[in-house]
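Comments concern the structure below.
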Amino acid sequence: MKKIPIIIDTDPGIDDAAAIGLATHCEELDIKLITTVTGNVDINKTTENALKLLTFFDKDIPVARGMETPLLQPVYGSEVHGESGMDGFDFKASTHSVIKEHAVEAIRQLLENHDEKITIVPIGPLTNIAMLLLLYPKLKSKIDKIVLMGGSLSGGNMNGPAEFNIWADPHAAKIVFESEIDVIMIGLDVTNQALIGEEELSAAIKRGNKTAEMFNAIFQHYRDGDMENGVVMHDSCAIAYLLNPEMFTVERKHVKVVTSGPASGMTMEMFEELETNVSVATDIDSALFQEWFITILDKML
Ligand code: RIB
Ligand code: CA
């Protein structure tokens, strides 16, 4: 089977932890690099959390530390994922360390040296990706597509219209959305329907699945949903799309990113006759998502 070479750009983050766990147990994916960015918590914590997750999952994947602040606006400290960014579970100290290259340099080197195109999977603010495109625009030709968790055409989670990953660095998002790269936007329109809770985890926990126990512990501290009805697996939807695009309804649209004023961070669908610039996931088969999630979880004993 031909594996899909990917880079995961992340701000772990409780739902990032689930996405990274799932991705590292999908044999269809060849994760070349994990890059971290300030988002849910600051760069020190997102980087430490990425290293702790790879230690927990016993996966040897290079991690490069990325941008400490958004391109132009100040850092925002979210409480949604707890103080550490992965509250609720006592992770062992990481046995991995970051590579010496900055995330943007590490992505540049990989794109330059890899024969085939690489898919980039941002599941946090887009600061690293925007910096790459600003510094090395010629490398766009080495990017197969960008499958990002972010945005929303149906209301935000940071203010009326804005979703966190776009809101946290709207200038970076504008650069990515206007890059003319094949961008697939996996936004709140679908991720808010991707719920995992006690009911879905309990059977795996009963089977002694240590990852299910860890997910159950950190999900209790994730303030985006609740364990009874399910917490929102935003970032895992980007991984699910890579492996099962048929799980989603996707439509080509022209989407602008608002970068100033009270609606800053909004991803706005433009109806006038503009060239489309992004493929937007507008619906998801939620039952299929849950089935997929548990199938991969069962591999993560
Ligand atoms: O809006 C949800 C997104 O913001 C997810 O990526 C979550 O981890 C936070 O970064
Ligand atoms: Ca995230």
Residue set Thr55, Thr46; condition within 13 Å of ligand 1 (Cβ to nearest atom), hydroxyl-bearing (Ser, Thr, Tyr) and not in a loop (DSSP other than H, G, I, E, B); output residue Thr46
The residue that is farthest from ligand 2 (Cβ to nearest atom), considering only those in region 1-38 that are under 17 Å from Leu126 (Cβ atoms), in contact with a helix residue (DSSP H, G or I) (Cβ under 6 Å, 6 or more places away or on another chain) and in a loop (DSSP other than H, G, I, E, B), is Val37
- Inspect all residues belonging to region 80-90 and state whether any of them is more than 18 Å from Asp16 (Cα to Cα) and either surrounded by fewer than 17 Cβ atoms within 10 Å (Cβ to Cβ) or touching a helix residue (DSSP H, G or I) at 6+ places or on another chain (Cβ under 6 Å) (or both). no
Considering only helices (runs of 4 or more DSSP H) wholly within region 134-216, the ones with at least 2 residues that are of a type in the set (Phe, Trp, Tyr) are 164-168
Within region 131-163, residues being surrounded by 21 or more Cβ atoms within 10 Å (Cβ to Cβ), within 16 Å of ligand 2 (Cβ to nearest atom) and either among the hydrophobic types (A, V, I, L, M, F, W, C) or over 24 Å from Cys237 (Cβ atoms) (or both) number 5
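So, of the residues in region 231-250 that are in a strand (DSSP E or B) and farther than 18 Å from Ala212 by Cα, which turns out to be nearest to ligand 2 (Cβ to nearest atom)?
If we filter region 231-250 for residues that are in a strand (DSSP E or B), which is where we start, we get 231-232, 248-250.
Checking which are farther than 18 Å from Ala212 by Cα leaves us with 248-250.
Details: Phe248: 18, Thr249: 23, Val250: 21 Å.
Step by step, filter region 231-250, then rank; the result is Phe248.
Could you look through region 108-130, keep only residues that are out of contact with any helix residue (DSSP H, G or I) (no Cβ under 8 Å at 6 or more places or on another chain) and part of a helix (DSSP H, G or I), and pick out the one that is farthest from ligand 2 (Cβ to nearest atom)? Lay out the reasoning, then the answer.
Of the residues in region 108-130, the ones out of contact with any helix residue (DSSP H, G or I) (no Cβ under 8 Å at 6 or more places or on another chain) are 109-110, 113, 115-116.
With the extra rule that they be part of a helix (DSSP H, G or I), the set shrinks to 109-110, 113.
Numbers: Gln109: 24, Leu110: 21, Asn113: 27 Å.
Result: Asn113.
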Apart from one, (1) within 16 Å of ligand 1 (Cβ to nearest atom); (2) out of contact with any Gly (no Cβ under 8 Å at 6 or more places or on another chain); (3) modelled with pLDDT of 95 or more all hold for Gly160; the odd one out is (3)
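The values are calculated or read from the model by the stated rules, or taken from the named source; none is laboratory data. This is a predicted model, so every value here is computed, not measured. Every residue, glycine as well, gets a Cβ built from its backbone with ideal geometry; the counts of neighbours run over all protein chains shown.
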